[in-house]
Amino acid sequence: MNNISVVIITRNEAPVLANTLQSLQGLTDDLVIVDSGSTDETIAIARQFNAHLVQTEWLGFGPTKNLGNLSTRHDWILSLDADEAIDEELKNNLQHISLTVDENSVYDLSFKTFTGNYQLRFGEYARDHHIRLFNKQQVQWDNALVHEKLVIPSHITIKKLHGYVHHYTMKDFDSYSRKLFNYAILNAQKLFNAGKKVSSVKMYLSPLTAFIINYIFKMGFLDGWRGYVAARLSAFYTFLKYAHLKELWQRGQ
């Protein structure tokens, strides 16, 4: 077994967390759950899987993940969301990769995105991938409240690790639309804090552009009605983000 710590941030993730933690069995002896005020069974599930529980107020995505990194026993970290489970091929590769001689690398993982039990194979979710395995002595998250990114020094090499992370981001489209609404508000605040503005033209055209790209050019239509709804939700998110940003400037907040 490699010395890999797994860090997951949570808040009311009971419906998905057990599936994620089950997929990690046999991979790590250091599972860190950073929880920000869960009121459901999230904490009980974390304890059931013998996770090291860190409880904190919500600090934003980047700072909360960095807090989790500081709480790990090992330098190598696999960073997952509560709704992201790993498949057996990825687990096997994580167990056998030579990390002790490879501290100046990070690993880019491929994702499969599901709504319910249906995998979205087209649109913006096709060929999704993210860097999620890294050495905390070399790499950390930025301080963004939302859409956080890893700060990767120029000497670090990005490598690919085979296998998949299964992202169960959409239990159903209703719950996903609520999640997108929250992300849109947070991202609008992030843009406002950075001094970014948006014109009325962009506020209306960007959602249309997002829909056309995801549904037509990225062939979301091949996922049937699910692809259509996913493209509409992407457009909905884009509009909400810019509409709230415009509102923030008008209120001067």
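Each value in this text was obtained by applying a stated rule to the coordinates, not by laboratory testing. Note that the coordinates shown come from a computational prediction; the quantities given were computed from them, not determined experimentally. So basically every Cβ, Gly included, is an ideal-geometry build from the backbone, and we count neighbours across all protein chains shown.
Things worth noting here:
- FRET efficiency for the pair residue 110 and residue 197, taken as 1/(1 + (r/R0)^6) with r the Cβ-Cβ distance and R0 = 45 Å, rounds to 0.80.
- Label corresponding to Cα extents along the principal axes in Å when calculated from the structure given, among (i) 48, 42, 34; (ii) 53, 42, 42; (iii) 49, 46, 37: (ii)
- Cβ-derived FRET efficiency at R0 30 Å, residue 175 paired with residue 70, nearest 0.05: 0.45
- Whole-number percent relative contact order across the stretch 173-251, with pairs defined as alpha carbons under 8 Å at least 6 apart: 48 percent
- The modelled label-to-label distance between residue 89 and residue 40, using points 7 Å beyond Cα along the C-beta direction, is 3.0 nm.
- Distance between modelled label sites at residue 103 and residue 209, nm, 7 Å Cα→Cβ extension: 4.4 nm
- Label-zone membership for the stretch 152-193, site residue 129, 7 angstrom Cα→C-beta point, backbone N under 13 Å: 158-165
- Helix-derived mean residue ellipticity, 222 nm - over the chain, DSSP H n ≥ 4, -39500 (n - 2.57), to 500: -12500 deg cm²/dmol
- Taking 0.36 nm per residue of sequence separation and removing the Cα-Cα distance, the residue 138/residue 56 pair yields an extension gain of 27.1 nm.
- Once both labels are positioned 7 Å from their Cα atoms along Cα-to-Cβ, the gap between residue 29 and residue 119 label points is 3.4 nm.
- Among the listed pairs 159/241; 112/136; 160/218; 149/171; 179/246; 149/241, a Cα-Cα separation exceeding 28 Å is found for 159/241.
- Of the DSSP H helices in the chain, those whose Cα atoms cover at least 24 Å axially and whose Kyte score averages -0.5 or more: 173-193, 224-251
- Computed over the stretch 88-188: relative contact order in percent, which uses C-alpha pairs under 8 Å that are six or more apart: 37 percent
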